[in-house]
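To start, the structure itself, in C-alpha cells.
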Amino acid sequence: MSFLAPLFALGALAIVGPIVFHLTRHTTRKQTPFSALMFLEPSPPRMTKRSKLENLWLLLLRCFVLGLLALAFTRPFLPRPMAQPQPAGGRRIVLLLDTSASMRREKLWEQARAQAEARVRAAQPIDEIAIVAFDSKSKPVLTFEEWRKLPPQERVSTALDRLATLKPGWADTRLDDALLQAVETLDHAGDAKSNQREIVVISDLQEGARLSALQGYQWPRGMIVTLDPVVASARQNASVQWISESEETESPGEAAPIRLRVTNAAEAKREQFQLRWKTDGASPQAPLDVYVPAGQSRIVRPPNPPAGATALMLTGDDTDFDNTLYVVPPHAAQFPILFVGPDEDEDPHASLYYLRRAFPKTAHQNIEITAHRTDAAVPAFQLQQAQLLVLGETPSESAIGSARQFAREGKIVVAPLASAAGVRTVARLMELPALSAEEAPVKDYALLAQIDFSHPLFAAFADPRYSDFTKIHWWKHRRLAMAPLAGARVLAAFDDKDPAIAQAPLGKGSVVILTSSWRPNDSQLALSSKFVPLLQALLEQSSNLPPQRAQYFVGEELPLPGGSQPLSIRKPDGAEVPAAPGAKFSDTDQPGIYFVTPGTQRFVVNLAPEESRVAPLPPERFASLGVPLRAPLEPAETAARGGRQAQAAEIEARQKLWRWLLLGVVGLLLLETLFARKLSHSSGSSTVAPT
C-alpha cells in the first residue's frame, strides 16, 4: 500500500491521549456514613495498587478510531500499473542555431554547440529533427528529408558531424526571418505524422537581434517555440562606429574628416578607452584617450592615419569581437560628361553654362565636363571615358556619328531641343528622316502635368513632398511627332498633352529627348531645385560606375562597375572571387577591405552596429510579439517525480479508499459509544449500604 499524503500519518500520535486518560486515577466519589471521627487519628489514604489500565477494550476502540482517522487523511491507495498513452507520432523539431558575430564572445559557441548536440542525442527514434544555422540569412544544415532517408542508427551521428562543421561568422542576427522560415519548414515538412511541432532557438538572444517581422504575425496552431539561451559572464561591451560623411567639400577629392561614435553599454564598469590605428608592424602612433560613461556614446575624431593604415583598434574593452573598425576615406569617383556643340563656357544663354554649374564637387564624386566644339569626330578615348553625352545645337555629322556610337554601346545621349530645327540633329542621330517637330503654341507658360515617377529619372521625386513640378514654368516647347520613334517612352508631358521628356532606345543605350531646353528663354528648369537631381539621375542611369557608399556592412551587396572585362574581387582573407561586370557582389561574409581588379576601386565592409548590442533580451519581449513560448525544461528527475505523483493521484482518485476508512471510523465510534454506556450503567448499579 502507498500513501498520497504520508505526513498525515503523524496524526496517529493522538493515540497517546486515550492511554493517558485511562492511566489517570480519580478520587472515589463513594461516601460511607460514620458516627464520629474525633477518636481517630488522621492519616492519608494509601494506594494499595499501582495505576493500571482499566476498561482495556474501550481503550483499544478509541485508539483504533484515531488510527483509522489518521490513515484516512494519508489517502492510501493500492499501486497498480497504468497503461501509458502511446503517441501517434514523434515530435518534429527545427533546431535554430545562432552563428552571428555576437556568438564569438567568450565561449558562447562551445555552449551553443554542446546544447545542440544534447538536443540531438535526446531525440527519440520516432522524432524528426532539422538543423538550421542562421545569422542575417538562414542556411539549412540538415533537412527533414535527409533525416528520414538516413538509417535510424546513423541519424544522430550524421547530425553531430554536421554540427561540428559550423562556426560563427560576422553577420548580424535576423532572428525574425529565421523563425518565420522555420515555421515554413515545419508547414512543408511532408506527410510524416507528428503530434507536436517545435522550434528550438539556441542563441545568446542579444538585444541587437532583429524581431520586427514578428509584429502582428499569426502563429499556426500547435506551434511551440523553446528558447534555449547561452549566457555570457560579461554583459558589458563598448563598440566603435564610423559616421560616414556626405557633406560637400570645397575642393574636389578633399578627404572628408573621419568621425567615430564610441558607445558604451549600460552595464559597463569601464569608462576609459583608447583608439589607435592598426599599423601592421610600423611604429605605433600615440593612442587617443576616449571617456564614455556607461550607457552613453561620444563622437570623436581620430588622428590622421599613417601611410597604409586602414583599421582602427578600440582597446580597454573586455569584449573584443567588435573592436576593429575599417576606415578608408573615399576617393572621389570620376564621372566625365561630354558636351558636343559650339556653346561657350561663360555664355549665360547657352546650355553648357548651366550644365557646368549643375554638378557640385564633393569628396565622393568628381564630375568633369569636356566640351567638343570642333567638326571632327570625338576622340575614341573621350567616348570611352565619358559617362553621359549632351548634344548642343548644330553639331557636325562626325560628332553626331560619335554620339550614335556612344549610345549604341549602352549609354545615354541627352538631346535638348532649343528650337524646332533642332529635331534634325535628333533625326540624324537616330537615322529617322521622318522625325519632325514644330513650335507649340503656349499661352503664358506650360506646366508638367503627367510624370512617370516609376522611371529612374523621376524615382527620386516619387515622395509627395518632392513631386510638385508646378513651380517650373516652361515658356516654349516643341511638339514632337512620336510615331517614328519606335519603342519610345514618354516620361513627362505638358498640360496640353505634348511630350516634354521622352526616351527612345538606340542600340544598347538610349536617347533622352527634351522638347524644351533648360535655357532661361525656354524654361525655368535650370533655376529650379529639380534640375540637379534630374541630371544626377541621368548620369547614374547612364554611368557604368554605380553610386558608392563610404562603408557597407557584412552581408550587404556591393555594386560592381560595368563593362565587358571580367572582374575579380579580393576579399580580406586574400581569396579571389570572380564576378560579372555590372552585377552585385554578395559574398561579403567578413569585415575588411574588398578590392576590385582590374582597377583601383575598393569597398569598406564593417560589422553591423546592431551586433554590438549584446545585452540579453527579456523573454517578455517575445511574449509581447505573440511568440508561443514553452516554459524552460525541468530536470529529468523532477519531471519523472512529477509524472509519478500525477499517476499516484489518478490511482488514488479512482480507488478512494479514504471513504471506506471514514465509514470504519463512524462504525467504531458507534460501537465505542455503546460500550462506554454499558460500562457506566454497570458501575452505577453497584451501591454500598450504610452501617
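Can you name every residue in region 346-362 that is in contact (Cβ under 8 Å) with a residue 12 or more places away in the chain and within 19 Å of Leu417 (Cα to Cα)? Can you show your working first?
Keep residues of region 346-362 that are in contact (Cβ under 8 Å) with a residue 12 or more places away in the chain, which gives 348-352, 354-356, 358-362.
The answer is Pro348, His349, Ala350, Ser351, Leu352, Tyr354, Leu355, Arg356, Ala358.
Only one residue in Ala209, Ala164, Ala178 is over 25 Å from Phe553 (Cα atoms), among the aliphatic types (A, V, I, L, M) and either more than 22 Å from the chain's Cα centre (by Cα) or surrounded by 14 or more Cβ atoms within 10 Å (Cβ to Cβ) (or both). Which one? Quick ask: steps written out before the conclusion?
On the way: Ala209 fails: over 25 Å from Phe553 (Cα atoms); Ala178 fails: over 25 Å from Phe553 (Cα atoms).
Of the residues listed, the single one that is over 25 Å from Phe553 (Cα atoms), among the aliphatic types (A, V, I, L, M) and either more than 22 Å from the chain's Cα centre (by Cα) or surrounded by 14 or more Cβ atoms within 10 Å (Cβ to Cβ) (or both) is Ala164.
So the check is Cβ under 7 Å with 6+ separation or different chains; which pairs have a first residue in region 417-431 that's more than 20 Å from Gly509 (Cα to Cα) and a second one that's surrounded by fewer than 21 Cβ atoms within 10 Å (Cβ to Cβ) and of a type outside the set (Lys, Arg)?
Ala418/Glu393; Ala420/Glu438; Ala420/Glu439; Gly422/Glu393
Output the residues belonging to region 609-625 that are touching a helix residue (DSSP H, G or I) at 6+ places or on another chain (Cβ under 8 Å) and of a type in the set (A, V, I, L, M).
Once the filter is applied, which keeps residues that are touching a helix residue (DSSP H, G or I) at 6+ places or on another chain (Cβ under 8 Å) and of a type in the set (A, V, I, L, M), region 609-625 yields Val614, Leu625.
Suppose we filter Ala164, Ala159 for residues that are farther than 28 Å from Gly216 by Cα, out of contact with any Leu (no Cβ under 8 Å at 6 or more places or on another chain) and among the small types (Gly, Ala, Ser); which single one remains? Spell out the reasoning first.
Details: Ala159 fails: out of contact with any Leu (no Cβ under 8 Å at 6 or more places or on another chain).
From the options Ala164, Ala159, the qualifying one is Ala164.
I'd like to verify a number: residues in region 354-388 that are more than 12 Å from Leu535 (Cα to Cα) and either over 47 Å from the mean Cα position of the chain (by Cα) or of a type in the set (Gly, Ala, Ser) (or both), how many?
15
So that you can scan it fast, the table gives a plain yes or no per residue for (1) touching a Ser or Thr at 6+ places or on another chain (Cβ under 9 Å); (2) within 25 Å of Val240 (Cα to Cα); (3) not charged (D, E, K, R):
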| position | (1), (2), (3) |
| --- | --- |
| Ser517 | yes, no, yes |
| Asp522 | yes, no, no |
| Ala526 | yes, no, yes |
| Leu539 | no, no, yes |
| Pro559 | no, no, yes |
| Gln565 | no, no, yes |
| Ala583 | no, no, yes |
| Ser586 | no, yes, yes |
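Can you tell me which residue among Lys139, Lys107, Lys149 is within 25 Å of Ala213 (Cβ to Cβ) and exposed (fewer than 15 other Cβ atoms within 10 Å of the Cβ)?
When all the criteria are applied, what remains is Lys139.
Could you say which residue among Lys443, Lys471 is exposed (fewer than 15 other Cβ atoms within 10 Å of the Cβ) and in contact with a Ser or Thr (Cβ under 8 Å, 6 or more places away or on another chain)? Before you say what the answer is, go through the steps one by one.
On the way: Lys443 fails: in contact with a Ser or Thr (Cβ under 8 Å, 6 or more places away or on another chain).
Sole residue among the options that is exposed (fewer than 15 other Cβ atoms within 10 Å of the Cβ) and in contact with a Ser or Thr (Cβ under 8 Å, 6 or more places away or on another chain): Lys471.
Residues that are polar (S, T, N, Q) and modelled with pLDDT under 90, at least 3 per element: which helices (runs of 4 or more DSSP H) completely within region 299-414 meet that? Even if it seems obvious, please write down each step before you answer.
Numbers: elements: 351-356, 380-385, 397-408.
Helices (runs of 4 or more DSSP H) meeting the threshold: 380-385.
For every residue, the table says whether it meets (1) surrounded by fewer than 19 Cβ atoms within 10 Å (Cβ to Cβ); (2) more than 23 Å from Lys411 (Cβ to Cβ); (3) basic (Lys, Arg).
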position: Leu480; (1), (2), (3): no, no, no
position: Ala483; (1), (2), (3): yes, yes, no
position: Ala488; (1), (2), (3): no, no, no
position: Ala492; (1), (2), (3): no, no, no
position: Lys497; (1), (2), (3): yes, yes, yes
position: Gln503; (1), (2), (3): no, no, no
position: Val512; (1), (2), (3): no, no, no
position: Ser523; (1), (2), (3): no, yes, no
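Which of the residues spanning region 107-152 are in a loop (DSSP other than H, G, I, E, B) and of a type in the set (D, E, K, R)?
Step one: list which residues in region 107-152 are in a loop (DSSP other than H, G, I, E, B), which gives 107, 122-127, 135-137, 143, 150-151.
Within region 107-152, Lys107, Asp127, Asp135, Lys137 qualify.
Conditions first: (1) surrounded by 18 or more Cβ atoms within 10 Å (Cβ to Cβ); (2) at positive phi; (3) not aliphatic (A, V, I, L, M). Gly316 passes all but one, so which condition is the exception?
(1)
So is Tyr445 touching a His at 6+ places or on another chain (Cβ under 9 Å) and either at pLDDT below 90 or hydroxyl-bearing (Ser, Thr, Tyr) (or both) or not?
Values: touching a His at 6+ places or on another chain (Cβ under 9 Å): yes; either at pLDDT below 90 or hydroxyl-bearing (Ser, Thr, Tyr) (or both): yes.
It is true that Tyr445 is touching a His at 6+ places or on another chain (Cβ under 9 Å) and either at pLDDT below 90 or hydroxyl-bearing (Ser, Thr, Tyr) (or both).
With the requirement that a residue be under 24 Å from Asn264 (Cα atoms) and free of Cβ contacts under 8 Å to residues at least 12 places away in the same chain, what does region 587-624 give you?
Pro618
Kindly indicate which of Ala70, Ala5, Ala12 is among the aliphatic types (A, V, I, L, M), at pLDDT 75 or above and touching a Gly at 6+ places or on another chain (Cβ under 7 Å).
Checking each option against the conditions leaves just Ala70.
The values are calculated or read from the model by the stated rules, or taken from the named source; none is laboratory data. Computed from a predicted model, the values in this text were never measured in an experiment. Ideal geometry is used to build each Cβ from the backbone, glycine not excepted, and the neighbour counts take in all protein chains shown.
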